[in-house]
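K.L.:
Take a look at this one; I'll ask things after.
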Amino acid sequence: MKPRARIIGTGSYVPPKRLTNADLERMLNTSDEWIYSHTGIRERRIAGDDCTTSDMAVEAIRQALDMSECAPEDVDMIIAGTSTADYRMPSTACVIQEKMNMPNAVAFDVVSACAGFLNGLAVARSFIESGTYKNIVVVGAEKLSSVTNYKDRNTCILFGDGAGAAIVAADRNGHGVLSTFAKSDGTQRELLWIPVGGVKNPYYPNFTNDGSDKLQMKGPDVYKFAVREMYNASIKVIEDAGLDPSDISLVIPHQANIRIIQGLAKRLHASMEKVVVNIDKYGNTSAASIPIALDEANRAGRIKDGDLVLMVAFGSGLIWASALVEW
């Protein structure tokens, strides 16, 4: 029997600084009641100027390694899901490798926004099932505060910083990733994007800070797309595994908006007791969202041996992804 990619350790990190709805009330024409009722968010974490994406990733990975009892030198590969890299080059994964002293690992980034962790998990699964690698770090980490326009009340209320990690190892006892799925639609890229700062639209002389180098989003359009495609992606991995939605033990969705999460649960006929929700504490942390929620659920004892865990995300690209795991 070929090995499966099993998650043997999880970890997460969020910065200590809290940006509450009350703080935003003092900055913008908004209110705690409006923000919470429309998004489900009460606060989000903000990294300091001296804290990088790789710094947060390292803290999450250390926790995951401790749980897994895997040594740094045993790690074969590091996959970092991030859209807020430390540098344009090299990859943030290479920076993590140096900081973590993992000399035997190949390291690279996956740029899939909110789907970054799940796409990294799918890549790890392929390498492990092929027998190429045995111990892989998959981390999702974002410093979204660095690309958030705090004058735009439609977006700045949503985003926070953090990191989550998993140690994925070869397992021959039947546990691990059962199925994965990913799809994208680049024609919809302008629904959620950063227009300025890349090769297409580089910073120009005398660049004025008009917000075009920060996250921009057409919320209602993204919402419609997200609910539909997160459901479709969920059903895809469930059916590919020969299962039914009623078999799922726990749903860990991307923490973008409570209404999206509730809409997904309704379509899956899943009670909210089966859904992990922490958006009220952290907001949308993009690629870090699912692994942070996974780690919190794992450490709280919400995931038992043999449980079927569904993870699903949707983000800029547009791109969406899902994974079904037997714990």
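The values are calculated or read from the model by the stated rules, or taken from the named source; none is laboratory data. Nothing here was measured: the structure is a model prediction, and the numbers come from that model. Cβ sites come from the backbone with ideal geometry, for glycine too, and all protein chains shown count toward neighbours. Calculation scope for accessible area: heavy atoms of the full protein, side chains included, ligands and nucleic acids excluded. Shrake-Rupley method; radii C 1.70, N 1.55, O 1.52, S 1.80 Å.
K.L.:
Condition check: of a type outside the set (D, E, K, R), open to solvent by less than 10 Å² (accessible area, probe 1.4 Å) and touching a residue at least 60 places away in the same chain (Cβ under 8 Å). Does MET77 satisfy that? Outline the logic, then answer.
P.N.:
Numbers: of a type outside the set (D, E, K, R): yes; open to solvent by less than 10 Å² (accessible area, probe 1.4 Å): yes; touching a residue at least 60 places away in the same chain (Cβ under 8 Å): yes.
Yes: the conditions hold for MET77.
K.L.:
When you look at GLU229, is it closer than 23 Å to LEU264 by Cβ and touching a residue at least 24 places away in the same chain (Cβ under 8 Å), yes or no?
P.N.:
yes
K.L.:
Since VAL138 meets every condition but one in (1) open to solvent by less than 20 Å² (accessible area, probe 1.4 Å); (2) assigned to a helix (DSSP H, G or I), which condition does it not meet?
P.N.:
Tallying (1) open to solvent by less than 20 Å² (accessible area, probe 1.4 Å); (2) assigned to a helix (DSSP H, G or I), VAL138 fails exactly one: (2).
K.L.:
Tell me which residues, restricted to the stretch 107-135, are open to solvent by 60 Å² or more (accessible area, probe 1.4 Å) and of a type in the set (A, V, I, L, M).
P.N.:
VAL111
K.L.:
Count, please, the residues in the stretch 16-48 that happen to be of a type outside the set (D, E, K, R) and in a loop (DSSP other than H, G, I, E, B).
P.N.:
10
K.L.:
Looking at GLU98 and the list (1) open to solvent by less than 40 Å² (accessible area, probe 1.4 Å); (2) without any contact (Cβ under 8 Å) to a residue 12 or more places away in the chain, which single condition is not satisfied?
P.N.:
(1)
K.L.:
Sticking with this one: Got a sec? Which of PHE117, PHE181, PHE108 is without any contact (Cβ under 8 Å) to a residue 60 or more places away in the chain and under 17 Å from the mean Cα position of the chain (by Cα)?
P.N.:
None of the other options fit; the residue is PHE108.
K.L.:
What residue, among those in the stretch 1-36 that are surrounded by 21 or more Cβ atoms within 10 Å (Cβ to Cβ) and among the polar types (S, T, N, Q), is nearest to the chain's Cα centre (by Cα)?
P.N.:
Looking at residues that are surrounded by 21 or more Cβ atoms within 10 Å (Cβ to Cβ) and among the polar types (S, T, N, Q), I get SER12.
K.L.:
Confirm whether THR155 is in contact with a Leu (Cβ under 9 Å, 6 or more places away or on another chain) and not hydrophobic (A, V, I, L, M, F, W, C).
P.N.:
Details: in contact with a Leu (Cβ under 9 Å, 6 or more places away or on another chain): yes; not hydrophobic (A, V, I, L, M, F, W, C): yes.
Yes; evaluated as a whole, the condition is true for this residue.
K.L.:
GLY162 fails exactly one of the following numbered conditions: (1) in a loop (DSSP other than H, G, I, E, B); (2) under 18 Å from the mean Cα position of the chain (by Cα). What is the number of that condition?
P.N.:
Failed condition: (1).
K.L.:
So, one more: If you go through the stretch 167-194, how many residues are closer than 23 Å to LYS236 by Cα, aliphatic (A, V, I, L, M) and open to solvent by less than 30 Å² (accessible area, probe 1.4 Å)?
P.N.:
Number satisfying all stated conditions: 2.
K.L.:
Name the pairs whose Cβ atoms lie under 6 Å apart, with the first residue in the stretch 268-292 and at negative phi and free of Cβ contacts under 8 Å to residues at least 40 places away in the same chain, the second buried (at least 19 other Cβ atoms within 10 Å of the Cβ) and of a type in the set (Val, Ile, Thr), and 6 or more positions between them or separate chains?
P.N.:
Close Cβ pairs (under 6 Å, with a partner that is buried (at least 19 other Cβ atoms within 10 Å of the Cβ) and of a type in the set (Val, Ile, Thr)) amount to ALA270/VAL251; LYS274/VAL251; VAL275/VAL251; VAL276/ILE252.
K.L.:
Oh, and also: Which members of the stretch 141-162 meet the condition of being aliphatic (A, V, I, L, M) and crowded, with 19+ Cβ neighbours inside 10 Å? Walk me through how you get there before you give the answer.
P.N.:
Pass one, the stretch 141-162, residues aliphatic (A, V, I, L, M): 141, 144, 147, 157-158.
Once the filter is applied, which keeps residues that are aliphatic (A, V, I, L, M) and crowded, with 19+ Cβ neighbours inside 10 Å, the stretch 141-162 yields ALA141, LEU144, ILE157, LEU158.
K.L.:
Restrict the check to the stretch 220-232 and report whether at least one residue is in contact with a His (Cβ under 7 Å, 6 or more places away or on another chain), farther than 27 Å from ARG42 by Cα and at pLDDT 90 or above.
P.N.:
no
K.L.:
Same structure, new question: Out of the stretch 179-214, which residues are within 29 Å of VAL309 (Cβ to Cβ) and part of a loop (DSSP other than H, G, I, E, B)? It would help to see each step written out before you state the result.
P.N.:
Our first condition is that a residue be within 29 Å of VAL309 (Cβ to Cβ); within the stretch 179-214, this holds for 179-185, 188, 191-192.
Result: ASP185, single match.
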